[in-house]
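The values are calculated or read from the model by the stated rules, or taken from the named source; none is laboratory data. Predicted, not measured: the structure shown is a model, and the values here were computed from it. All Cβ positions, even for glycine, are placed from backbone atoms using ideal geometry, and neighbour counts span all protein chains on display. To get the accessible areas, we keep the full protein, side chains included, count just its heavy atoms, and leave off ligands, DNA and RNA. Shrake-Rupley method; radii C 1.70, N 1.55, O 1.52, S 1.80 Å.
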Amino acid sequence: MNKNTFETEIKKVFTNINRDFFSTVEIYKSFLQDYNKKINLTRLDGEDKIYGDYFYESIIPYKDLDFSNIKHVLDIGSGSGIPGVVLKLLYPHIELTIIESNNKKVTFLNELAKLLNIQITVLANRAEDLARQYNEQFDLVTSRAVASLQAIVEISIRFVKIGGWLIEPKSQDINNEMNGISIIVNKLGGSLVGINSFVSINGMTHNVVVIKKIQITNPKYPRSWNDITKGWK
């Protein structure tokens, strides 16, 4: 996907795009490519890959979400800024918080925010260690390729306000992650609204797990990472 195709397809899917979005994405792209020569942030740094597999595919799972009612957004394990920073550029009104445990990526994110002249909060820690401190503070919590569905739901759901959303884009092969997920979500105070499946213009199949927070999460969750990796009994 080249620059022109990226702009065309984004305009088809997202309405009322911020007038500076595409020019700011260009600055982001160039900075990422230059930084990637020093520190390995992503393998998707060729022109076609960065427009298609990186920027476009990172935000297309959120195409049906109404951001007019979403202000406080948390991106867990954002790495080099996706999807959180791109969503912030697309919807400037959101207040974006990023949790990233890799210090080199934290430095990159802070430098990127300064370059793009956007206000974001970057927390250098593991999400499961911050969940109680930031209990139920976010309208939307999301992540991309961070952990298994069961693990990321347990880590994430405490951050979500009651009435808020947990959105988890997953790979094409999601069936092996769905076993017992409804029961787990309910136990954690959420409701599994559904899975939105679609094929993007790039031919990539998306499965987007949509969870609504409906009640307070039991204080014992999330467990420690060691316990999370042991799964549910």
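Round to a whole number: what % of the accessible area of the range 19-133 belongs to carbon and sulfur, probe 1.4 Å?
Numbers: 2190 of 5140 Å².
Here carbon and sulfur together make up 43 percent of the probe-accessible area.
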Too-long pairs where the Cα-Cα distance tops 18 Å, listed order kept, from Lys187/Lys220; Lys49/Lys88; Lys38/Lys170: Lys49/Lys88; Lys38/Lys170
Solvent exposure of the chain as accessible area per residue, Å², 1.4 Å probe: 47
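Given 0.36 nm per residue, what is the gain on full extension from Thr107 to Trp232 after removing their alpha carbon distance, in nm? Walk me through the intermediate numbers first.
Details: separation 125, 0.36 × 125 = 45.00 nm, distance 3.51 nm.
Extra length available between Thr107 and Trp232 comes to 41.5 nm.
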Per principal axis, descending, Cα span of the range 127-231 in whole Å: 41, 29, 22
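Can you give the Rg to Rh ratio for the range 63-162, taking only C-alpha atoms and Rh from Kirkwood? Intermediate results must be reported in sequence, preceding the final value.
On the way: Rg = 12.7 Å, Rh = 13.5 Å.
Over the Cα atoms of the range 63-162, Rg/Rh equals 0.94.
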Charge sum, other residues only, whose C-beta stays under 12 Å from Ile162's C-beta, Lys/Arg counted +1 and Asp/Glu -1: +2
Distance from the range 21-77 to the range 168-233 (C-alpha centre basis), Å: 23
Mean ellipticity per residue at 222 nm, deg cm²/dmol - from DSSP H runs of n ≥ 4 across the chain, formula -39500 (n - 2.57): -8500 deg cm²/dmol
Local net charge near Lys71, Cβ-Cβ under 13 Å (Lys/Arg +1, Asp/Glu -1): -1
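Compute the length gained on full extension between Gln137 and Asn16: take 0.36 nm times their separation in residues and subtract their Cα-Cα distance, giving the result in nm to one decimal. Please report the intermediate quantities before stating the final value.
Working: separation 121, 0.36 × 121 = 43.56 nm, distance 2.67 nm.
Between Gln137 and Asn16, full extension yields an extra 40.9 nm.
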For the chain, size of Cβ-based charge dipole, Lys and Arg +1, Asp and Glu -1, in debye: 520
Selected from Val209, Tyr221, Val193, residue furthest toward positive end of dipole (the range 175-233; charges at beta carbon): Tyr221
Whole-angstrom Cα spans of the range 73-115 along principal axes, big to small: 27, 21, 13
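How much length is gained if the chain between Ile118 and Glu26 is pulled fully straight, taking 0.36 nm per residue apart and subtracting their Cα-Cα distance, in nm to one decimal? It would help to have the intermediate numbers written out before the result.
Numbers: separation 92, 0.36 × 92 = 33.12 nm, distance 1.47 nm.
Value of the extension gain: 31.6 nm.
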